[in-house]
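For reference, the structure discussed in these notes is given below.
Values in this text are rule-based calculations from the coordinates and carry no lab data. Owing to the predicted nature of the structure, the values given are computational and were not obtained by experimental measurement. No Cβ is skipped: glycine too gets one built from the backbone with ideal geometry, and neighbour counts run over all protein chains shown.
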Amino acid sequence: MEEKLKKLNKTEAELFADKIYDNQLKITLEQAENKPEIKKVIAHANKLLQVWQKADNKAKQEENNFKKFLSDNKTLIETDFGDIILSFTSDWNYEIQEHVRKVFVNISQGVSIRQRLFNEILLAQIDSENLQELEVKALEGIKKENYERLLT
């Protein structure tokens, strides 16, 4: 014989409702997972997920290949006024919701070269008669300094 149900307070009623709800969810999910049409959808989704994961792995590998190529080919030409280098940018475009990537040529060491040129101008102006001669002597000084650096 069952005991007579005592009246539940608010907290007890909420806990009992949660227990019934959780049990019903569990039963419903188990029934749904066992239906052939749902098993078929899950299997197809898993196949698509695997393809996506393989594509992600391939994309990561291609990104690493690109970065290694960029690193291996960083300096394209060495010049007296800095090296011509291969550069890369990647910015997020909020309008089109994707990365905008660009490869371009740039020059390195601009600040240090400018300072060296300034120093050469200070030295060359002592025995230069005009701006054209000053420019030629300053450029020769830079080239001579670079050549001497290569020898050491």
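Given the pairs K58/K102; K74/K143; K67/K102; K47/K68, which span a C-alpha to C-alpha distance of over 24 angstrom in this model? Cα-Cα > 24 Å for K47/K68; rest within.
Quick one: Debye curve from the C-alpha atoms of the chain, no solvent, what's log10 I(q)/I(0) at q = 0.08, 0.10, 0.13 Å⁻¹? Debye curve over Cα of the chain, log10 I(q)/I(0) at q = 0.08, 0.10, 0.13 Å⁻¹: -0.61, -0.73, -0.92.
Panel order for S112, S128, by other beta carbons found within 10 Å of each beta carbon, from fewest to most: S112, S128.
From the residues A138, L76, Q125, which one has its Cα farthest along the dipole of region 50-152 in the positive direction, the dipole being from +1 and -1 charges on Cβ of Lys/Arg and Asp/Glu about the Cα centre? Of the candidates, L76 comes out farthest on the positive side. Using a cutoff of 8 angstrom between alpha carbon atoms and counting only pairs six or more residues apart, the relative contact order for the chain works out to 11 percent.
Do any GluC sites (Glu not before Pro) in region 69-117 lie in a DSSP loop with no more than 12 other beta carbon atoms within 10 Å, and if so, which? Write out the running numbers ahead of the final one.
Working: sites: E78, E95, E98; in loops: E95.
Answer by residue number: E95.
For the chain, excluding the exposed loop sites themselves (trypsin sites (Lys or Arg not before Pro), DSSP loop, at most 10 other Cβ atoms within 10 Å), the longest remaining stretch covers 8-152.
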